[in-house]
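Only one structure is covered here, and it is reproduced in the block below.
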Amino acid sequence: MVSDRSASRFLALPSTGWGYWSFRLLVVFLTLFPTWLAYSMFRRIPRPTFFSDPLHAILLLTAAGAAVLGAILGAWAVMGRGERSILTFLSILIGGFVGWWGGAEILFPH
């Protein structure tokens, strides 16, 4: 049976510093990724290489880096500090997916 205390701890904001940083980096990702999408859609220019449009590359790399670093810090908070906030778990899930996707793009380019 789940107690009210553990349920409220799960649904609350992160309680550790590492959990808060994980959540902050998730917010950075959720801000930068749609910005990158909008920039890519509205500025349709040929990009022969990834770095031929520096703003395009900076937005995407910063967003992906924030997501992956947030996942690492979130995993550290959960395993090392006992963090149980759903926002930290969400950061781990999204950052893990972004890291997996980025690794797949590097290993199997199309």
Charge sum, other residues only, whose C-beta stays under 14 Å from residue 75's C-beta, Lys/Arg counted +1 and Asp/Glu -1 = +1
Once label points are set 7 Å from the Cα along Cα→Cβ at both residue 30 and residue 104, what is their separation, rounded to one decimal in nm?
-> 2.3
Segments 95-103, 70-78, 42-50, 21-29 sorted - mean Cβ within 10 Å per residue, highest first = 70-78, 21-29, 95-103, 42-50
Treat the count of other C-beta atoms within 10 Å as a stand-in for reagent exposure and order 56, 110 from fewest to most.
-> 110, 56
Residues with beta-carbon under 14 Å from that of residue 56, excluding residue 56: net charge, scoring Lys, Arg +1 and Asp, Glu -1?
-> +2
Could you go through the stretch 25-33 in sequence order and give the Karplus-derived ³J(HN,Hα) for each residue, using 6.51 cos²θ - 1.76 cosθ + 1.60 with θ = phi - 60°, rounded to whole Hz, and x for Gly and Pro?
-> 5, 5, 5, 4, 4, 5, 8, 6, 5
For the chain: relative contact order, % (alpha-carbon pairs under 8 angstrom, 6 or more apart) | 38
Option label - P(r) over Cα pairs in 10 Å bins from 0, in percent computed here, alternatives (1) 12, 20, 12, 10, 9, 8, 8, 8, 9, 4, 0; (2) 15, 37, 27, 14, 6, 1; (3) 16, 53, 29, 2 = (2)
Environment charge at residue 92 (Cβ cut-off 15 Å; Lys +1, Arg +1, Asp -1, Glu -1) | +2
Compactness relative to 2.2 N^0.38 Å, alpha carbon Rg of the stretch 45-110 | 1.37
Order of 34-41, 80-87 by packing, highest average Cβ count within 10 Å first?
-> 80-87, 34-41
At a Förster radius of 30 Å, what calculated FRET efficiency corresponds to the Cβ-Cβ distance of residue 81 and residue 42, to the nearest 0.05?
-> 0.10
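Read-outs throughout are calculated quantities, based only on the coordinates presented, and are distinct from any laboratory measurement. A quick note: this is a predicted structure, and the numbers were derived from the prediction, not measured. All Cβ positions, even for glycine, are placed from backbone atoms using ideal geometry, and neighbour counts span all protein chains on display.
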